[in-house]
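Everything below concerns the one structure shown next.
Throughout, read-outs are computed from the coordinates displayed, never taken from laboratory work. A quick note: this is a predicted structure, and the numbers were derived from the prediction, not measured. As a convention, Cβ positions derive from the backbone with ideal geometry for all residues, glycine included, and neighbour counts pool all protein chains shown.
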Amino acid sequence: MTQVSEQELEDYYKSFNGNREISWRDKLGDDLNWALSFDQYTEAETTKHVHRLHPYKGKFIPQLVEYFIDDHIDDFKKGVCFQKGDIILDPFCGSGTTLVQSNEIGIHAIGIDISRFNSLIGNVKVHKHDLFDIQKELHRITITLKNFLAERKTIDFENLLLDKLNEFNNKYFPVPDYKYKVKRGEINQDIYGKEKEQEFLPTYRRLIKEYNINLEQKKTDTFLDKWYIPPIRDEIELVFTEVKKIENTNTKKVVSVILSRTIRSCRATTHADLATLKEPITETYYCSKHGKVCKPLFSILKWWDSYSKDTLKRLAYFDRLRTNTYQQCLTGDSRTINIFQELKKKNFKFAELAEKQKIKGIFSSPPYVGLIDYHEQHAYAYDLFGFERRDELEIGPLFKGKGKEARETYVLGISNVLNNCKKFMVKDYDVFLVANDRNNLYPIIAEKAGMKIVHQYKRPVLNRTEKDKGAYSEIIFHLKSKPE
Ligand SMILES: C[S@@+](CC[C@H](N)C(=O)[O-])C[C@H]1O[C@@H](n2cnc3c(N)ncnc32)[C@H](O)[C@@H]1O
């Protein structure tokens, strides 16, 4: 065992983080607000409790929301504009981060998102659930799934395949020697990996035949058709049929989110391509991420089981923190939605309060120009649940690119959202928008919305994905009403 003194380790990390701050300032400018990097938080903290109920590309971290809306954060006291009991709006609610943190702090919050699936995730996170009922239903469904699997040979096949793979990988990809040699350039993993991949394939194909595993995808019309092998498809259909039998609507929503999280993890893709799907795979492959031959999944049971337990734990944890406040995400286009009218349909009491008190301000991160297709990132869920997609109403989607026309429509889109939201806010509102404004569009957006930018906070964005670790910053714009 390698042993390192705690003091040395501490010194090392201090110097590492200190140097990082200096080099980032060099690259991004001295106006960088390092306190907003939140580099002291672990991943477990930035994905605490319900924040990790479902993957979602493009969410902000809860600490950022806390910093701006919690008046107990000392060094920001001078500027905090919200108090317990106020109502905050997030017109681009996404996976519901603002809603969750508002609840924790004691602030009411309304969210809006164009994507029905995103509102589902947000609402599942904040609504109070009957955990016993969820547990009962999960247990029932898991038993049904296990009984179904007992009649099939999938699990036996997968166990045998794993044994064979372990044997093979231990021999040809020993830990840690193999990765060490790759790092030192003694092995070219592209050549060696491909060679070993081919070497294992006959064993794999023999087992597939022996156990009569059906890998043939007859159609590729829908996302589900294309990205799921038949044994997995059968299990998804089975579980979905059981989900539909759940009587308690809230429980049904939670379990649907668990199913969606499960099927997301079971797409027929390599480990390296989970974030950006390339082509479906149905055979064992050399995995550069893990430095060995990996296999596709043949059953959803493992993930279903693990996410079921994880979800219950996270919901129970959040229950201990929740305050007695209202949070609701509405599905709609923030440019045109009548917020109070739609809220009335979902939560009458909250709508009454909102009409009386009005919204104090906004905390939100709008989509950026041409970066993400928000419906498409959860295509599997839209396919499975049959939710209506409204891709064409997304502001700044990837599919519309980053060209001049896209930027102009974006400016119009975001300013229209602000103009619409103003109708429901107090006169002296505060708007905070987190944006990656490479094209300097926000001054124009503010102008078009009759607002002025009163402050800008430049935040370093750390802990980005493996592939993209470059220095990068975003701005939190603080806007207020511009005198006529
Ligand atoms: C950057 S994400 C917000 C992420 C969020 N802050 C979180 O932590 O999960 C932007 C969101 O805006 C939504 N959106 C795009 N166009 C919209 C529109 N016209 N009306 C409402 N929401 C829209 C997208 O569906 C997406 O979920």
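Some values worked out for this structure:
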item	result
Packing-based ranking, highest mean first, of 243-254, 320-331 given that Cβ atoms within 10 Å are counted	320-331, 243-254
12 Å beta-carbon shell around R52, net charge (K/R +1, D/E -1)	+3
Neighbour-count ranking [beta-carbon atoms within 10 angstrom, fewest first] of T97, T269, T409	T409, T269, T97
Beta bridges by DSSP in the chain, antiparallel share as percent, to the nearest 5	50
Helix-only CD estimate at 222 nm, as mean residue ellipticity for the chain, using -39500 (n - 2.57) per DSSP H run (n ≥ 4)	-15000 deg cm²/dmol
Cα pair distances in the range 144-220, grouped into 5 Å bins until the bin that holds the longest one, percent each	3, 12, 17, 18, 15, 13, 9, 8, 4, 1, 0
Calculated P(r) of the range 220-299 - Cα pairs past 14 Å, %	66
Under-5 Å amide H pairs with V454, H placed in peptide plane, nonlocal only	H478, L479, K480
Cα-based helix-to-principal-axis angle, 154-172 vs the chain, degrees rounded to 10	80
In sequence order, calculated HN-Hα J values of the range 57-62 (Karplus, 6.51, -1.76, 1.60; Hz; x Gly/Pro)	7, x, 8, 8, 8, x
Candidate aspartates and glutamates for bridging to K358, where Cα separation is under 18 Å - those fewer than 8 sequence places away on the same chain excluded	D86, D90, E342, D428, D430
Rg(Cα) / (2.2 N^0.38 Å) computed for the chain, rounded to two decimals	1.07
Ratio Rg/Rh [Cα only; Rh per Kirkwood] for the range 131-314	1.02
Around R390: net Lys/Arg minus Asp/Glu count, Cβ-Cβ under 11 Å	-4
Likely footprinting exposure, S334, S119, fewest C-beta neighbours within 10 Å first	S119, S334
Karplus-derived 3J(HN,Hα), 6.51/-1.76/1.60, for each residue of the range 119-128, Hz, glycine and proline x	5, 4, 4, x, 5, 4, 5, 9, 6, 7
Cut-off 11 Å between beta-carbons: net charge of the residues surrounding G413, Lys and Arg +1, Asp and Glu -1	+1
Amide H within-cut-off set for D437, under 5 Å, with H built and near neighbours excluded	I475
Residues whose placed amide H lies under 5 Å from that of L89, excluding near-sequence neighbours	I110, G361, I362, F363
Neighbour-limited loop hits for GluC sites (Glu not before Pro), the range 65-154 (at most 13 other Cβ within 10 Å; DSSP other than H, G, I, E, B)	E151
Cys with no candidate disulfide partner in the chain (beta-carbon separation under 4.7 Å rule)	C81, C93, C266, C329, C421
